[in-house]
Amino acid sequence: MFTKIRTYFEMIKFQHTVFALPFALTAAIVADHGIPEIRVLGWILVAMFGARSAAMGFNRIVDRHIDALNPRTRERELPTGRISLPTAAVLTLVCAGLFVFAAHQLNSLAFLLSFPTLFVLCLYSYTKRFTSYSHFVLGLCLGIAPVGAWVAVRGEVSYVPALLGLGVLLWVAGFDIIYATMDDEFDRSVGLHSIVQKLGVTGGLNLAKRLHILFTLTLAAFGIVAGLGFPFFLGTGIVALLLFLEHALVRADDLTRVNVAFFNVNGIVSGLVFVATALDLLISR
């Protein structure tokens, strides 16, 4: 069973938690004006783990037949049989239940919102079958994280984390469009939809660039409404430079560095936002 669980974590790319978790923690420390109490912080982490693991597990289950056809993904755990469909289904349900339970331990609003959150997380897996705008649904899935963390700390919804969530939506949609360039030919052959299919590789990359400009502006707006200071805005400036680097790495005539741009640069972006926010709150104290 330990081997199956480990394989499940490999299947859902657990290391990609680096994208959403720092933004959730950013919202949590802003909501609390510091580090939340250990109990709340612990259940936020459990909820994040459960929600993301369930969402990715569900995505792998729904896409298993498509993944088996794609040369880039045919070696994944479900297509190769390294993890069985029943095992993946059970572990996905366990993670979903863990998310709902963690939300219940936080407060009543978090518990009530856990159900529509799971619906949105699962809906994403089907969107590329009927719309080119699936990237924005994926962005919404990750953008929920800071709003959820705020609800966990304060028990209420506010425009402050919603602004950060909007920024995350724009950021994720942008880098997911970049990632989709790798599957351009395959997606066309099997009838899947993406912005790259709609606008072409060049058009998709240009839209991703505009989305990341909007993300930077939204991040700055979040800093203003949250009352953050120089350390946060310095971090925002560095984020803008990193996104400039990301778009310099990927060109329509050279997609060989998409993976570097996707994981390395964006992993640094999310972590940097959290560190800049934490330093800002520490200095202001």
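The values are calculated or read from the model by the stated rules, or taken from the named source; none is laboratory data. Computed from a predicted model, the values in this text were never measured in an experiment. Cβ sites come from the backbone with ideal geometry, for glycine too, and all protein chains shown count toward neighbours.
Descriptive notes on the structure:
- Count of the stretch 77-89 residues which are without any contact (Cβ under 8 Å) to a residue 40 or more places away in the chain, part of a helix (DSSP H, G or I) and either over 23 Å from the mean Cα position of the chain (by Cα) or more than 14 Å from I12 (Cα to Cα) (or both): 4
- Unique residue being assigned to a loop (DSSP other than H, G, I, E, B) and either under 27 Å from G191 (Cα atoms) or of a type in the set (G, A, S) (or both) when the list is P36, P71: P71
- Residues in the stretch 245-261 that are part of a helix (DSSP H, G or I) and under 16 Å from G204 (Cα atoms): E246, H247, A248, L249, V258, A261.
- Yes/no for F99 being under 19 Å from the mean Cα position of the chain (by Cα) and part of a helix (DSSP H, G or I): yes
- Checklist (1) under 22 Å from Q15 (Cβ atoms); (2) surrounded by 18 or more Cβ atoms within 10 Å (Cβ to Cβ); (3) among the charged types (D, E, K, R) applied to R257, failing item: (2)
- Failed condition for S132, given (1) within 20 Å of the chain's Cα centre (by Cα); (2) not in a loop (DSSP other than H, G, I, E, B): (2)
- So L279, is it in a helix (DSSP H, G or I), closer than 18 Å to G174 by Cβ and touching a residue at least 40 places away in the same chain (Cβ under 8 Å): no
- Flag for A55 being closer than 28 Å to V151 by Cβ and either modelled with pLDDT of 95 or more or part of a helix (DSSP H, G or I) (or both): yes
- For A152: the one exception among (1) surrounded by 18 or more Cβ atoms within 10 Å (Cβ to Cβ); (2) within 22 Å of A208 (Cα to Cα): (2)
- Listed by position, the helices (runs of 4 or more DSSP H) inside the stretch 159-243 whose residues that are under 20 Å from the mean Cα position of the chain (by Cα) and surrounded by 17 or more Cβ atoms within 10 Å (Cβ to Cβ) number at least 2 are 159-180, 195-225.
- Matching entry among I29, I5, I12, I38 (being crowded, with 17+ Cβ neighbours inside 10 Å and either more than 20 Å from L228 (Cα to Cα) or free of Cβ contacts under 8 Å to residues at least 40 places away in the same chain (or both)): I12
- Test for E185: is it of a type outside the set (A, V, I, L, M) and at pLDDT below 95: yes
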